[in-house]
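> Encoded as structure tokens, here's the structure I'll be asking about.
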Amino acid sequence: MKKVAFYTLGCKLNFSETSTIARSFEQRGYRKVEFNQSPDIFIINTCSVTDNADKKCRKIVREAQKINPDGYVAIVGCYAQLKPQEIADIEGVDAVLGAAEKFQLVELLDGFQKQPSGGARVYNSNIEEVLDYHASYSLNDRTRTFLKVQDGCDYPCAYCTIPLARGASRSDTVANVVRAANEIAGRDVKEIVLTGVNIGDFGFREGRRTETFFDLVQALDDVEGIERFRISSIEPNLLTDEIIAFVAQSRRFVPHFHVPLQSGSNKVLALMRRRYRRELYADRVAKIKESMPHACIGVDVIVGHPGETGAEFLETYEFLNEMPVSYLHVFTYSERPNTHALGIRPTVPQHQRAERSKMLHILSEKKRRAFYESQLGRTATVLFEEDVVEGLMQGFTENYVRVVAKYDPLLINELKEVTLMGIDKRGFVEVAEPEHV
């Protein structure tokens, strides 16, 4: 029985796909092990959102070679689709599989015979030919499950390679997603995170829209056995009033939204080829807070995009500072091949990108702290996880407040009502000791 290990770089979508690929190995008699347990086969699922993600892939390949010099190394994911030959030239890599081929990995590489140096096998279709949709969800990796509902993207944002790496927008059907959610419920999973490249664009199959994301949300709210559904990320122009209103009164969808902004300057949004202006974003945040005052709102923001002046960065900073959002995911712009942004001038020097990133990271910590403080004294429901640090276990409330409590094995993967008491030195919220039922 050959041993296989997996390593995932990047987003929640990648985690869902890695888990599905892993199950295909186990169904064929392979034994899944940890990366450091000298596996016979290493599968590395890559990201390529930034140049740093590419460097991480190379580092993981080197680590795999140290762990087992004779191990078979296969690379899949976005980096593998975008730069297959570059990866094939990395010493120690035996196979590279693009977006269309990664779900056929076991069949295409049957036997997993180590290749001579420089002889990596490459399977990589043109992205325009990647039309099939492959359903995926994660299991046994974390307390919550990431359920893929959509793939690809039709938005030509100036800085982004994802349409080149994943192809056109396409989706599962509502019926199939509900079926998967019921399967997951049968495995005692309490929370499902809906994930995809552009999930608000859900509903495209074979080039035409047949259903909507709102249809999906309504159907999933009736799934028995799942306590929580969480929307991973949704574009502001696709976050409709009806979705917000439905989540506000939902039995299962939690008051947590992650809404990409990217810039608070309308000029920079236009340069980025985003499909909204800052006024729409402010309206979406106001609508959420109006119907769900305790909702958590996360924000993606990019600093240092070509054409962003110091004054326009300060527009973004002030916009976010005044907005009732809860935390930021800050990305420093990095040049990606074959993107429109490469032709925009002037470019922002690296040291200025770093300074702007630091300012927004500090703002994010202030925002998170203020949000957590606003929740103290409230009663909330926490889903406790298995991670234990210094005798304390962690979990998240429905509105994404990270809490810590004294370790108790009976609490793992359980939803418990708690009172939010205070904030510890790490910035986590302390709770009164949960009572057993």
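The values are calculated or read from the model by the stated rules, or taken from the named source; none is laboratory data. Bear in mind that the values here come from a model prediction, so they are computed numbers and not experimental data. Note: ideal-geometry Cβ built from the backbone for every residue, glycine included; neighbour counts use all protein chains shown.
> Would you check which residues across the range 370-412 are under 20 Å from residue 254 (Cβ atoms), over 25 Å from the mean Cα position of the chain (by Cα) and among the hydroxyl-bearing types (Ser, Thr, Tyr) and list them?
Correct list: 374, 379.
> Here is a further query. Looking at 277, 336, can you tell me which residue is more than 30 Å from residue 426 (Cβ to Cβ), touching a residue at least 60 places away in the same chain (Cβ under 8 Å) and not assigned by TED's automatic domain parsing to the domain that holds residue 79?
Working: 277 fails: touching a residue at least 60 places away in the same chain (Cβ under 8 Å).
Result of the check over 277, 336: 336.
Per-residue answers, yes or no, for (1) modelled with pLDDT of 95 or more; (2) crowded, with 23+ Cβ neighbours inside 10 Å:
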| site | (1), (2) |
| --- | --- |
| 28 | no, no |
| 32 | yes, no |
| 46 | no, yes |
| 57 | no, yes |
| 77 | no, yes |
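> Ok, one more. Would you check if there is a residue in the range 184-193 being modelled with pLDDT of 95 or more and under 25 Å from residue 131 (Cβ atoms)?
No, the range 184-193 has no match at all.
> From 233, 265, grab the single residue that is touching a His at 6+ places or on another chain (Cβ under 6 Å), polar (S, T, N, Q) and either under 30 Å from residue 303 (Cβ atoms) or without any contact (Cβ under 8 Å) to a residue 60 or more places away in the chain (or both). Give the derivation first.
On the way: 265 fails: touching a His at 6+ places or on another chain (Cβ under 6 Å).
The conditions single out 233.
> Okay, next question. Residues 169, 138: which one is among the polar types (S, T, N, Q) and more than 23 Å from residue 206 (Cβ to Cβ)?
Values: 169 fails: more than 23 Å from residue 206 (Cβ to Cβ).
Matching residue, one of 169, 138: 138.
> Taking the conditions exactly as written (charged (D, E, K, R), crowded, with 20+ Cβ neighbours inside 10 Å and out of contact with any strand residue (DSSP E or B) (no Cβ under 7 Å at 6 or more places or on another chain)), does residue 230 satisfy them or not? First the steps, then the outcome.
Details: charged (D, E, K, R): yes; crowded, with 20+ Cβ neighbours inside 10 Å: yes; out of contact with any strand residue (DSSP E or B) (no Cβ under 7 Å at 6 or more places or on another chain): no.
Here the answer is no, as residue 230 does not meet what is asked.
> Of everything in the range 3-30, what is among the charged types (D, E, K, R) and under 13 Å from residue 135 (Cα atoms)? Give them in sequence order. Can you show your working first?
The first filter runs over the range 3-30 and keeps only residues among the charged types (D, E, K, R), leaving 3, 12, 17, 23, 26, 28.
Result: 17, 23.
> Output the residues belonging to the range 215-227 that are without any contact (Cβ under 8 Å) to a residue 60 or more places away in the chain, buried (at least 19 other Cβ atoms within 10 Å of the Cβ) and not β-branched (Val, Ile, Thr).
Within the range 215-227, just 220 meets the criteria.
> Picking from 356, 345, which residue would you name as being surrounded by 19 or more Cβ atoms within 10 Å (Cβ to Cβ) and either assigned by TED's automatic domain parsing to the domain that holds residue 260 or assigned to a loop (DSSP other than H, G, I, E, B) (or both)? Explain how you work it out, then say what you get.
On the way: 345 fails: surrounded by 19 or more Cβ atoms within 10 Å (Cβ to Cβ).
Exactly one of 356, 345 is surrounded by 19 or more Cβ atoms within 10 Å (Cβ to Cβ) and either assigned by TED's automatic domain parsing to the domain that holds residue 260 or assigned to a loop (DSSP other than H, G, I, E, B) (or both), namely 356.
> Which ones in the range 227-274 are outside any strand (DSSP E or B), among the hydrophobic types (A, V, I, L, M, F, W, C) and touching a Leu at 6+ places or on another chain (Cβ under 8 Å)? Spell out how you get there, then give the answer.
As a first pass, look at the range 227-274 and keep what is outside any strand (DSSP E or B): 227, 232-252, 254-255, 259-261, 263-274.
If we keep only those that are among the hydrophobic types (A, V, I, L, M, F, W, C) too, we end up with 234, 238-239, 243-248, 254, 259, 261, 268-272.
Within the range 227-274, 259, 261 qualify.
> Restricted to the range 93-125, and to residues that are within 17 Å of residue 24 (Cα to Cα) and of a type in the set (A, V, I, L, M), which residue is nearest to the chain's Cα centre (by Cα)? Before the answer, list the steps.
Of all residues in the range 93-125, those within 17 Å of residue 24 (Cα to Cα) come to 97, 99-112.
Checking the rest, the ones that are also of a type in the set (A, V, I, L, M) come to 97, 99-100, 105-106, 108-109.
Numbers: 97: 21, 99: 17, 100: 20, 105: 23, 106: 25, 108: 28, 109: 28 Å.
Once the filter is applied, the top-ranked residue is 99.
Results for (1) over 23 Å from the mean Cα position of the chain (by Cα); (2) among the aromatic types (Phe, Trp, Tyr); (3) not in a helix (DSSP H, G or I), shown as yes or no for each residue.
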| residue | (1), (2), (3) |
| --- | --- |
| 10 | no, no, yes |
| 21 | no, no, no |
| 48 | no, no, yes |
| 58 | no, no, no |
| 62 | yes, no, no |
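> Any idea which of 164, 139 is among the hydrophobic types (A, V, I, L, M, F, W, C), over 26 Å from residue 381 (Cα atoms) and surrounded by fewer than 21 Cβ atoms within 10 Å (Cβ to Cβ)?
Details: 139 fails: over 26 Å from residue 381 (Cα atoms).
Only one candidate passes the filter, namely 164.
> Which residue, of 186, 152, 119, is surrounded by fewer than 22 Cβ atoms within 10 Å (Cβ to Cβ) and outside the structural domain of residue 8 (by TED's automatic domain parsing)? Spell out the reasoning first.
Working: 152 fails: surrounded by fewer than 22 Cβ atoms within 10 Å (Cβ to Cβ); 119 fails: outside the structural domain of residue 8 (by TED's automatic domain parsing).
Being surrounded by fewer than 22 Cβ atoms within 10 Å (Cβ to Cβ) and outside the structural domain of residue 8 (by TED's automatic domain parsing) holds for just one of 186, 152, 119, which is 186.
> Still on this structure: Looking at residue 171 and the list (1) among the polar types (S, T, N, Q); (2) more than 30 Å from residue 388 (Cα to Cα); (3) surrounded by fewer than 21 Cβ atoms within 10 Å (Cβ to Cβ), which single condition is not satisfied?
(3)
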